[in-house]
Amino acid sequence: MRAFLQKLLTKPVVNLANKISSKPVKRRVDRALSDLYKQISTNNDQKGLVINLGAKDKFVILSDQHKGARDGADVFALAENNYIAALAYYFKEGFYYINLGDSEELWENLLITVKHHNKATFEAEKTFLHANRFYKIFGNHDLYWDNDPLAAINLEKIYGQKVPIYEGAILRTKLSKMKLDIFMTHGHQGDLQSDGNWFSKWFVSDIWAPFQSYLRINPNTPANNDELKTVHNRLMYQWSSKRKNMLLITGHTHQPVFKSFTHLELLYEQLEQAKTGKDMVAVQKLNDQISALKNKGDRMPDFKGYLDTYFNTGCCCFNDGDITGIEIEGGNIRLIKWKYDKDKRSNREVLEESKLDELKVCEL
């Protein structure tokens with residue numbers, strides 16, 4: 001019966017959940033991001049930190065673990081070992097770790113339940129904290145860390161020491177051509193149905209979670225990267241493209257974006273380049289790839305004038321156990337994936353990479 005209901009109901013219910021859980025408004029998104037950036041950049045330490053990015057500094061940014069209760073609704077369970085292996089690698093290699101929000105799924109679960117079932121992941125994160133290499137930023141599903149009076153006490157119990165909580169952070173660096181700010185926040189700001197909205201929280205905890213648990217649905221498929229950008233990601237790009245000498249990195253949408261493109265959009269860009277170069281073999285190959293990925297009704301986007309200003313970490317809860325994130329190291333920025341091999345060993349894969357100096361940013 002469960003298998004039959006999964007086949008029958010998964011797609012319509014996931015579509016309904018997505019519709020209810022996200023309703024970004026451009027005016028609200030723009031104002032929220034602008035206000036937050038201004039507060040952090042003017043040294044409002046309660047909102048976030050300005051961190052100097054030196055030539056030898058290494059940062060990894062991961063988000064959207066949604067650590068749960070190891071029940072049918074726990075989308076993190078399958079990715080846990082990949083996440084722990086990734087943190088062990090980054091700690092050994094000397095990276096700083098920026099957790100970009102929605103680390104704990106506190107809309108569906110009580111904190112005591114999440115704490116009980118995720119001891120190993122908290123221990124892995126704790127190593128960064130004790131080495132002064134950990135920055136924790138809240139999202140909408142773990143907004144508790146910012147607005148509950150007992151949050152600081154509970155964080156100290158989990159990690160063994162006090163943990164500052166921020167809404168964002170700025171990595172500030174000097175490149176050969178300019179000074180660059182890399183602005184990071186979870187990305188829920190300005191979304192009417194994510195930015196602290198009580199109805200969305202009720203729907204997720206009382207309607208979606210029991211249904212998801214029974215049917216064992218994880219809507220976070222790697223195919224998210226094989227689509228055009230979500231409305232929310234497009235609004236994030238539009239905001240970032242108008243800010244001088246700035247990159248924006250968010251999470252929230254669970255859709256990896258690199259240099260303002262998803263994987264499908266990158267194929268479209270490569271198709272245009274192949275047409276310009278009259279490489280008909282490449283044109284045919286890219287058309288075949290695009291046809292296999294695009295949804296009905298999708299049209300080739302207009303990328304004229306696009307800048308490389310927006311990045312999204314993706315998530316750490318894909319339904320095949322993969323996790324994605326952003327690395328910044330040695331003057332480079334990368335989109336990376338950690339995935340299991342046939343023997344269930346975790347392996348790091350670089351999906352995209354670019355030099356920070358070569359990115360096209362707004363210079364107005």
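The values are calculated or read from the model by the stated rules, or taken from the named source; none is laboratory data. The structure presented is a predicted model; accordingly, all values stated were derived computationally and were not measured. So basically every Cβ, Gly included, is an ideal-geometry build from the backbone, and we count neighbours across all protein chains shown. Side chains are part of the model used for accessible areas, which takes the heavy atoms of the whole protein and leaves out ligands, DNA and RNA. Shrake-Rupley method; radii C 1.70, N 1.55, O 1.52, S 1.80 Å.
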**OP:** Go through segment 134-179 and count every residue that is over 27 Å from ARG243 (Cβ atoms) and among the polar types (S, T, N, Q).
**Re:** 3
Original post:
Which one is modelled with the lowest pLDDT, of the residues in segment 28-55 that are over 18 Å from MET246 (Cβ atoms) and touching a Gly at 6+ places or on another chain (Cβ under 8 Å)?
Top reply: ARG28
**OP:** Select the strands (runs of 3 or more DSSP E) contained entirely in segment 43-109, then report the ones holding at least 3 residues which are among the aliphatic types (A, V, I, L, M).
**Re:** 48-52, 58-62
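The rows are residues; the columns are (1) within 24 Å of VAL350 (Cα to Cα); (2) part of a strand (DSSP E or B); (3) open to solvent by less than 70 Å² (accessible area, probe 1.4 Å).
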| residue | (1), (2), (3) |
| --- | --- |
| LEU235 | no, no, yes |
| LEU247 | yes, yes, yes |
| THR253 | yes, no, yes |
| GLN284 | no, no, no |
Subject >> Filter result (open to solvent by 40 Å² or more (accessible area, probe 1.4 Å) and assigned to a helix (DSSP H, G or I)) within segment 139-153 >> reply: TYR144, ASP146, ASN147, ALA152, ILE153
**OP:** Provide a single number: the residues in segment 154-165 that are open to solvent by less than 30 Å² (accessible area, probe 1.4 Å) and in contact (Cβ under 8 Å) with a residue 40 or more places away in the chain.
**Re:** 1
Original post:
Out of all the residues in segment 286-301, which are modelled with pLDDT of 70 or more, over 24 Å from THR324 (Cα atoms) and open to solvent by 70 Å² or more (accessible area, probe 1.4 Å)?
Top reply: ASP288, SER291
Original post:
Before we move on, is VAL14 β-branched (Val, Ile, Thr), at pLDDT below 95 and within 25 Å of ASN154 (Cβ to Cβ)?
Top reply: no
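Within segment 260-279, identify whether any single residue is in a strand (DSSP E or B), of a type in the set (A, V, I, L, M, F, W, C) and closer than 29 Å to ASN118 by Cβ, and answer yes or no.
There is no residue in segment 260-279 that is in a strand (DSSP E or B), of a type in the set (A, V, I, L, M, F, W, C) and closer than 29 Å to ASN118 by Cβ.
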